[in-house]
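The values are calculated or read from the model by the stated rules, or taken from the named source; none is laboratory data. Just so we're clear, the structure is a prediction, and the values are computed from it rather than from any experiment. When we count neighbours, we look across all protein chains shown, and the Cβ atoms used for this are built from the backbone with ideal geometry, even at glycine. Protein only, heavy atoms only, side chains kept; ligands, DNA and RNA dropped before computing areas. Shrake-Rupley method; radii C 1.70, N 1.55, O 1.52, S 1.80 Å.
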Amino acid sequence: AYLAYGAFMLVTEQESIPIGTLLLRLPFLLIMTLFYGALAEFAQRERLHKERLAHDVMHDELTGLPNRFALEQHVAKDIGRAKRSGTMLALGLIDLDDFKPVNDAYGHAAGDELLRQLTRRLQALLRPSDLLARLGGDEFVLVLEDLDPSQALYQLRTALARLHTAVETPFDLGDGVLAKVGMSLGVTLYPADEAQAEVLLRHADAALYASKAHKADRTIWWQVW
């Protein structure tokens, strides 16, 4: 912009300007152009840095999934949306069966790889509107939105049956290591079970505990218990 302005001034200047003055103007214009270019680049890097920090605060480092903090905000908004639209919302707590033996036998790096692969498998089975978050360890939370009250249980059972297929195929952890795990789920429904996000999570946790206590690799509904 400064160079264009300088060229315009040179062409349109009415009075004769000494050549020395002209030569002094050009370096100044060049310096100003470089200065504002560097300033713009710095501002761009600062914006990207802030966006990255904001993303890291809300997401799990290992899997890239939303973390518990992001989950609580998301569920609160989903409950408000479901209340306004008259739809239902399902919240499922997922825990892997026999995950600890994988860590013990092959190391935490292998366990981390299994969790990354599981994340990709689960996300491939979900709708764009659904949410998968990681609480930590081998615990995940699933949020299924916009369930039709007249068909909610059927929709939910169908979705959860698909999710169980995510662990049917062993996980290839490299170096010829194939690991097999199961998956237990505890499920609650809004508004049938509760209207508060934190209580829904507690109910889902109780249902998950019952699931793991009775039989591995199954789904337990809070309403049943």
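What to note about this one:
- Accessible-area composition of segment 73-121, carbon plus sulfur, in percent [1.4 Å probe]: 52
- Applying the criteria of a DSSP loop state and at most 15 other Cβ atoms within 10 Å to the GluC sites (Glu not before Pro) of segment 131-215 yields Glu168.
- Per-bin percent of Cα-Cα distances, segment 83-225 [5 Å]: 2, 10, 20, 22, 19, 13, 7, 4, 2, 1, 0
- Summing charges over all other residues whose Cβ lies under 14 Å from the Cβ of Leu156, with Lys and Arg as +1 and Asp and Glu as -1, gives -2.
- Å² of accessible area per residue within segment 50-157, as computed with a 1.4 Å probe and no ligands counted: 52
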